[in-house]
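The values are calculated or read from the model by the stated rules, or taken from the named source; none is laboratory data. Note that the structure is a prediction, hence the values are computed from the model and not measured. Here the Cβ positions follow ideal geometry from the backbone for every residue, glycine too, while neighbour counts run over all protein chains shown. We work out accessible area using only protein heavy atoms, side chains counted, and drop any ligands, DNA or RNA first. Shrake-Rupley method; radii C 1.70, N 1.55, O 1.52, S 1.80 Å.
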Amino acid sequence: MKAVVLYDSAYGNTRRIAEAIAGSLQEVDGEATQVPGFRPETLRAGDLLVVGSPINGWRPTPVITAALEALERDQLRGIRAAAFDTRVRLFIHGDAAGKLTEGLRRRGAEIVAAPQPFYVKGMEGPLLAGEIEKAQFWGRSLLHAVGR
């Protein structure tokens, strides 16, 4: 089993979260990959795909959305998956992680965790205190969810 943390990042906050998650997945050769470097054909049944995006206009970025939409309907069958987003802590906000989760499910992935938000201060960040540690903990919890 391997783990790929696929992400898009506007100001570097989502990249930092993706790298923290990938670092917590080293037991299964976790790697953080920005969208242009993603090669879905390298995924095999039983692998873990974690997808993340900042909230952009109430949804995932167009780049990460296009990457998921380019996948065939059942291309992720047998792949275990989870999604996260970075957002400002407000009463009302978008839900990129929820939309990513649905996109993964539509492509046949088995969802192993609820969508996870990580918080930034203001539109450009930085990440709020404790969010890197939260990402590392969440990454380790994904290993438990897939039986590792």
Within the range 23-50, can you find the residues that are within 17 Å of Ala97 (Cα to Cα) and either modelled with pLDDT under 95 or assigned to a helix (DSSP H, G or I) (or both)? Val35
Name the pairs: first residue in the range 131-148 and in contact (Cβ under 8 Å) with a residue 24 or more places away in the chain, second residue of a type in the set (D, E, K, R), Cβ to Cβ under 7 Å, at least 6 apart or on different chains? Ile132/Arg16; Leu143/Glu27; Val146/Arg80; Arg148/Glu27
Condition test on Ala96, is it open to solvent by less than 10 Å² (accessible area, probe 1.4 Å) and free of Cβ contacts under 8 Å to residues at least 40 places away in the same chain? no
Can you name the residue in the range 1-16 that is assigned to a loop (DSSP other than H, G, I, E, B) and of a type in the set (D, E, K, R) and, of all such residues, is surrounded by the most Cβ atoms within 10 Å (Cβ to Cβ)? Asp8
Say we look at the range 57-67 and pick out the residues that are of a type outside the set (Val, Ile, Thr) and at pLDDT 95 or above; which of these is nearest to Met1 (Cα to Cα)? Ala67
With the condition kept exactly as written, say whether any residue in the range 71-81 is open to solvent by 80 Å² or more (accessible area, probe 1.4 Å) and closer than 20 Å to Arg140 by Cα. no
For Gly147, indicate whether it is surrounded by 15 or more Cβ atoms within 10 Å (Cβ to Cβ), of a type outside the set (Asp, Glu), in a loop (DSSP other than H, G, I, E, B) and modelled with pLDDT under 95. no
Ser53 is checked against (1) open to solvent by less than 40 Å² (accessible area, probe 1.4 Å); (2) in a loop (DSSP other than H, G, I, E, B) and fails just one. What number does that condition carry? (2)
Answer from Asp85, Asp47 - the residue that is acidic (Asp, Glu), crowded, with 18+ Cβ neighbours inside 10 Å and touching a Leu at 6+ places or on another chain (Cβ under 8 Å): Asp85
Name the single residue, out of those in the range 101-129 being closer than 21 Å to Asn13 by Cβ and among the charged types (D, E, K, R), that is surrounded by the most Cβ atoms within 10 Å (Cβ to Cβ). Lys121
Selection from the range 56-66 of residues that are open to solvent by 20 Å² or more (accessible area, probe 1.4 Å), in a helix (DSSP H, G or I) and not polar (S, T, N, Q): Pro62, Val63, Ala66
